[in-house]
1. Full-extension gain between Asp509 and Glu617, please, as 0.36 nm times their residue separation minus the C-alpha to C-alpha distance.
2. Remind me, relative contact order of the range 767-894 in percent, using alpha carbon pairs under 8 angstrom and six or more residues apart?
3. To two decimal places, what compactness ratio does the chain give when its Cα radius of gyration is scaled by 2.2 N^0.38 Å?
4. Express the relative contact order of the range 903-1009 as a whole percentage, based on alpha carbon pairs under 8 Å and six or more residues apart in sequence.
5. Rounded to whole Å and sorted largest first, list the principal axis extents of the Cα atoms in the range 406-467.
6. For a quick protection proxy, order the peptides 912-920, 571-579, 849-857, 408-416 by their average other-Cβ count within 10 Å, most packed first.
7. Going by alpha carbons, how many degrees (0 to 90, nearest 10) lie between the helix axis of 422-435 and the longest principal axis of the chain?
8. For the pair Glu485/Tyr590, report the inter-label distance in nm, with labels modelled 7 Å from Cα in the Cβ direction.
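Since every read-out is calculated from the coordinates, none of them should be taken as a lab result. Computed from a predicted structure; not experimentally measured. So basically every Cβ, Gly included, is an ideal-geometry build from the backbone, and we count neighbours across all protein chains shown.
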Amino acid sequence: MAGVYAELVCRSNFSFLRGASHPEELIQAAAERGLAAVALADADGLYGAVKAHLAARDAGIKFLLASELTLMDGPRVVLYAQDARGYANLSRLISKSRMLHPKGEAGLPWRELAEGNEGLLALLPHPVPVERVAPLAEAFSERFYVGVSRSLSSGDEARVAQTKALARDLGAPLCAHNDVHTHDRSRQPLQDVLTAIRYKTTLGQLGTRRLPNAERTLKGPEEMARLFADCPEALERTLELASRCHATLDGLRYHFSEQDLPPGQSTSSWLRELTYQGLQVRYPGGVPPEVVKQIEHELKLIAALDFAGYFLAIWDIVRFARSRGILCQGRGSAANSAVCYALGVTAIDPVRMGLLFERFLSMERKEPPDIDVDFEHERREEVLQYVYEKHGRDRAGMVCEVICYRGRLALREVGKALGLSLDQVDRLAKTAGSYGGEMGPELLKEVGLSADDRRVRQTLALATEIEGFPRHLSIHVGGFVITREPLVEMIPVENAAMKGRTVVQWEKDDLEAVGVLKVDLLGLGMLTALAKCLALIKEHHGRELSLATIPAEDPAVYEMLCNADSIGVFQIESRAQMNMLPRLKPQCFYDLVVEIALIRPGPIVGDMVHPYLRRREGREPVEYPSEDVKRILQKTLGVPLFQEQAMKLAMAVAGFTPAEADGLRRALSHKRAEERLGPFHKRFVEGGVARGYTPEYVDTLFRQFRGFAHYGFPESHSASFALLAYASAWLKCHYPAAFTAALLNSQPMGFYAPHTLVADAQRHGVKVLGVDVNYSGWDCTMEEGGALRLGLRMVRGLQEAAGRRVESARQGVRYASIGELARRTRAPRHELARLALSGALGSLSGSRRDALWEIQALGPLEETDLFFGMAMDGTTVELPQMNVAERVSKDFETVGVSLEKHPLELLRPVLRKRGAVTAAGLERVRAGARVAVGGMLICRQMPPTAKGFCFLSLEDETGIANLVVPPDAYARFRKDIHGALFLVGQGTLEKTGKVTNVKVQQLEPLASALPG
């Protein structure tokens, strides 16, 4: 019976809470059961089409491009693309259906479908009154089918009879399907849960909205033949419909936009002209011959692969950003390209650094180049809207990101659907999120749940099953698709939740798989901070600087970094990076390139970090088995730290071709890297031994390569980031007040909360002044003498418009009273109260409580009231004043930082009695001594590469103490580690050079250390 049936109506999990199987699972099951063809009929979308297409190609089964379309004035119909024109119409119709409505909704007038149905077949999946569908059937004529299904549920035969009658009345052929929701019956419990989640209810309350049985599953030809023994022609029609469909994503033809070319220029000739113009700027003293040679090599390859339009679009976007004064910089593998450097897209000279262009683009793989450009994150929207305006929304759209069920979210939604209480769901999700492993009976008992509870067991099991299921579409961090032909005829486009944004229905991996180029326009907080810092320096110090004119290789900067003084510095401010800096002791720019690359999962897992450090410190000899290897690894002391080095070594040591070396890189970057690396390992070892290297050496090299499967940087990427790391370090070193103000004005960004940034500035001698309506603007700024004044943006809950009103209404004339402030700003009472609680009315009132009393005594604060802001009650009351602890607590609650005292200063007497030292005091304690230290938890990390170790940073009034919590201690103190704000740790002090850590043996919340 194999091959006598094609399933035409399958709903995958890309139907979003309807289908309970991945597209790949449906395709694989269809192939295994001997179906002739299979179609996904997800509603108003082709979200899973690429995944299904690739799976079908691997499985050797025909895949039909289809979607179920929602009609605003008609029944739902499934549309199938017959050919390229049909596919274009299908994509266009889906796009219009989606873009007529807000995100998550769809619907199209039936006439739109009737007038644009060329190359499409239609199937009505469920019976409806003949008058609702007759006009549509007439519009499609012989391309219209009536679907019939049997689900072995109540009313089945009546529905079949109704469907047969409808087909006769319309004169349309009857076509069988099984309205598939799962690839296997075992997935039905999950489908029930998805339905409950969709209806925002529990399984017990679903009623008839729940499928009556598990029969809407993918069935083989034999089972379908038994179901339709009374009308075998309905099964034969499935083959007929499938045979009429020839559209495939292999036939998708993508061309990048070619707008705005000067007369007589092609994309390639214009790119060449712009490149050579850029070379004159980059090399004012003359372009080196090796650069010209590299440029010609790249331009030839770009032209052969027809990617010139792509490079021109990136150049144009960067040109626009710079014309608006928006800081931007290209990074990633694009920094391997001399053309990108000449065009001003990237800032790294790849020829001087010896970077590998084939890491970016090669003839062998013929895949789209990957150019990432970072922009100031607060101004990136200007760039995105420029792209929309220049290319039009029918030819430009952002890449989507599929948000999937993971961890806590999966547990919460499954638990609620299964009827667990909100409290139970919350405890379960929080515990699972903090524990990160399998939840056994003991752990469940700890949070008040029983492993014997059937609903708890089901929740854990089904949450695991739903892991990775699509939940909804979001917007990719910066991916843009720009096309020459209408984008809506290539990929369906829909509205995003964010105003002014539209997204394509395919994620980045899908686009890459079918050869569609994307442009990555990313927002980077540090660029925003750098731009604001440079502006502050110009305004208050009269010095005009840019990223290009910041003095290079400043010894003072490297001395600062060798002392791990890097809070706020881009890429090297994390606890791990700060531990590495005193050991690596950077002395030049390339040291920063290495520093940034070292603290990544790849080098850590590949055991590259310690050998590199030992060799750098002279404790291990640097040896090279050949001159070829020396040439590749000399910069990194014989240790492969970068992906480019892995590719070069594959060619030099094992004799790989460039295509094979790139295949190795791709395998290392794949999510299933371990299984894909198998064939390469044998080839690498055999090739290396054949070329005279020892088996031990080549095996060690390949083991190090495996580390890149856990994420490692290309050298070009690390170098691009190192430029920003150095720039931010230089500004921190020489202009700490402006640098801190810029960081605060760019929040949220970076690794640390504002109170840590402010405390660090104070330790660098910066005078910090509090928020005050008579002195503060919206942004943090600088005052006479170089003091840093906190801005109104620091007041939590105060809207920017309100803060700007306070700033603009002042106009150089200070407010004399709270009433005057209210009248001049027209501020409502709740905004005034927020300012009072934050201490921002300190120049107008004696205390926060006095200020609140005055605010309550003001007349009606309504826009049209004659007595707006006037005092209506002159009664004065002597209110009890806040003590210092209350003021500090209120500072953190309302502003996020206290300039009066650090909370640990208030707790220091208690800690002193317990023998606890300060963070700064740890330097005076000998290594190996038992020590106690307390502080506010500002950072908690448990990276996958740490083998169960947890790393904590505790801040006190003197600095930051680093704690290392071994796995056994973490298991004992996990609840406090994830639940307490203040902690006291006891353990052994470890010192390596300037790096100090406390290896924890005992940990408790600081509250429990207080008397009473």
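1. Additional length available on full extension: 34.7 nm.
2. It comes to 21 percent, rounded to a whole number.
3. Output field value: 1.07.
4. That works out to 27 percent.
5. 24, 22, 18 Å, listed from the longest principal axis down.
6. Put in order of decreasing packing, that is 408-416, 571-579, 849-857, 912-920.
7. 70 degrees
8. 4.8 nm
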